[in-house]
Amino acid sequence: MRRILHLDMDAFFAAVELRRHPELTGKAVVVGGRGDPTRRGVVSTASYEARAFGVHSAMPLRTAKKLCPRAVFLPVDYGEYSRVSAQVKSILRELCPIMEDGGIDEAYLDLTHSDGTSEAIAGGIKERIRSELGLTCSIGIAPNKLLAKIASDLQKPDGLTILHEEDVPARIWPLPVRKLWGVGPKTEEHLGAMGVQTIGEIAATAPETLIREFGRSYGSFLHRASRGLDDRPLVTHWVPKSSSRETTFQRDTNDWHTLSDTLRELARKATDDIRKDGLKARTITVKVRTGDFETHTRGKTLKEATDDLSIILRLALSNLLRFDLRKPVRLIGIRLDGLHPAPGDSSSPSASLPVQLRLWDHP
Ligand code: TTP
Ligand code: MG
């Protein structure tokens, strides 16, 4: 049985705005357009306080102002939300390398081969997002993406919902058809005309009827989805080509101890990075930039890829010895490339994840 987690940030754009305008906490806040309800534009999102007045995404700002005259209107700052989004994704990827990016404020993780209870994993993610980013999210964990996504929405904000297959009749069937992934306003209307309002009523409709009404492909999708069945894999897309780390010194130096210690530390971090991703590297390159901004690199390629720190350290230092280090150094860096998934090598904990191969199945 698979174990899939879906995470969705709570009132995302509004929550990010509240971090820098803490005085607005607890107030009705609407983020959209240029933040001016007298001008054209739609609501991107609203705080839960504003939602209580009926304000929601995609509504004209003018309408939002009518529904909630006291709301504070803020302009959209997409750059800031993207930065925070990347931080969320990097926390998630650190905890589980098999991640599907679901959009600016959501993602799926495949926890099938992760240790720990679902409660503990979800609690750990929430805690990191709260303490490091000052934000809350809602999490659903279920046997597939379809159910995990519905689950993450069931107890917003700051929710955690764990669904099992046997919970489908009680928890999923009473929901309106629109809650089903892949059901939009048109299908909702079509189903409504057939007297079908809830997911359970789709499940109770004969599959032949669904196929007659919606065609073979979509009809059978509706039949399966209404029963909570979904075998779509995560689309990870994410295949790093190289991993690099570098450091700029406070003051230029050509002290061998400083240079070699720094390089050792960078090699350690870069090796950690690839190990976390279940990868091994073939090429180890050292980069040195001198105070006059000349940049040089020295690299070595191994016959076989490795994630063995002692081998990587040895190569990094022998590369460093190949530089002319008479001029003081401003920046030193290491790059590991020629990355390959580490095959079932039990000496490395992350490398033993069999699902790692999935990263490469779905490029
Ligand atoms: P959502 O996750 O749909 O909404 P949300 O995070 O604001 O609130 P919830 O707690 O219900 O998850 O969308 C994420 C962000 O995407 C949202 O903060 C703003 C943006 N967005 C738009 O710009 N326009 C839209 O129509 C929607 C739905 C979202
Ligand atoms: Mg959200």
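Data table
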item	result
Matching option when the condition is near ligand 1 (Cβ under 10 Å from one of its atoms) and either at pLDDT below 95 or more than 25 Å from residue 122 (Cβ to Cβ) (or both), among 82, 44	44
Qualifying residue in region 142-150 (condition: among the β-branched types (Val, Ile, Thr) and away from ligand 2 (no atom under 16 Å from the Cβ))	no
Residue in region 57-68 that is within 15 Å of ligand 2 (Cβ to nearest atom), under 27 Å from the mean Cα position of the chain (by Cα) and surrounded by fewer than 17 Cβ atoms within 10 Å (Cβ to Cβ) present	yes
Selection status of residue 189, surrounded by 13 or more Cβ atoms within 10 Å (Cβ to Cβ) and of a type outside the set (A, V, I, L, M, F, W, C)	no
Close pairs (9 angstrom Cβ cut-off, 6 or more residues apart or separate chains): acidic (Asp, Glu) in region 190-203, part of a helix (DSSP H, G or I) and crowded, with 19+ Cβ neighbours inside 10 Å anywhere	201/177; 201/191; 201/226
Residue within region 283-292 that is within 29 Å of residue 95 (Cα to Cα), of a type outside the set (A, V, I, L, M, F, W, C) and either in contact (Cβ under 8 Å) with a residue 24 or more places away in the chain or assigned to a strand (DSSP E or B) (or both) present	yes
Single unsatisfied condition, residue 32 versus (1) within 13 Å of ligand 1 (Cβ to nearest atom); (2) without any contact (Cβ under 8 Å) to a residue 24 or more places away in the chain; (3) farther than 24 Å from residue 126 by Cα	(2)
Extreme residue, nearest to the chain's Cα centre (by Cα), among residues of region 69-78 that are surrounded by 17 or more Cβ atoms within 10 Å (Cβ to Cβ) and more than 16 Å from ligand 2 (Cβ to nearest atom)	74
Every residue from region 119-160 that is of a type in the set (A, V, I, L, M, F, W, C) and away from ligand 1 (no atom under 15 Å from the Cβ)	120, 121, 122, 125, 141, 142, 146, 147
Where a residue in region 57-76 is free of Cβ contacts under 8 Å to residues at least 24 places away in the same chain and hydroxyl-bearing (Ser, Thr, Tyr) and its partner, wherever it lies, is crowded, with 17+ Cβ neighbours inside 10 Å and assigned to a loop (DSSP other than H, G, I, E, B), with Cβ under 7 Å and at least six apart	57/43; 57/44
Residue identified as crowded, with 20+ Cβ neighbours inside 10 Å and small (Gly, Ala, Ser) among 291, 333, 299, 338	333
Residue check for residue 271: under 28 Å from the mean Cα position of the chain (by Cα), surrounded by 15 or more Cβ atoms within 10 Å (Cβ to Cβ) and of a type in the set (S, T, N, Q)	yes
Top-ranked residue of region 36-53 - restricted to ones that are of a type outside the set (D, E, K, R) and within 15 Å of ligand 2 (Cβ to nearest atom), ranked as surrounded by the fewest Cβ atoms within 10 Å (Cβ to Cβ)	48
Residue count for region 158-172, restricted to those that are hydroxyl-bearing (Ser, Thr, Tyr) and part of a helix (DSSP H, G or I)	0
Residue satisfying all of: in region 1-35; part of a helix (DSSP H, G or I) and within 16 Å of ligand 2 (Cβ to nearest atom); surrounded by the most Cβ atoms within 10 Å (Cβ to Cβ) among these	13
Output for region 124-183, where each listed residue is at positive phi and among the acidic types (Asp, Glu)	158
First in region 90-117 and at pLDDT 95 or above, second anywhere and of a type in the set (Gly, Ala, Ser), Cβ under 7 Å, 6 or more apart	92/107; 105/85; 108/102; 108/148
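Okay, residues lined up against (1) in contact with a strand residue (DSSP E or B) (Cβ under 7 Å, 6 or more places away or on another chain); (2) closer than 30 Å to residue 89 by Cα; (3) in a strand (DSSP E or B):
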| residue | (1), (2), (3) |
| --- | --- |
| 182 | no, yes, no |
| 200 | no, no, no |
| 222 | no, no, no |
| 225 | no, yes, no |
| 230 | no, yes, no |
| 250 | no, no, yes |
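The values are calculated or read from the model by the stated rules, or taken from the named source; none is laboratory data. Computed from a prediction, not measured in an experiment: that's the story for all the values here. Cβ coordinates were reconstructed from backbone atoms using ideal geometry, including for glycine residues, and neighbour counts include every protein chain displayed.
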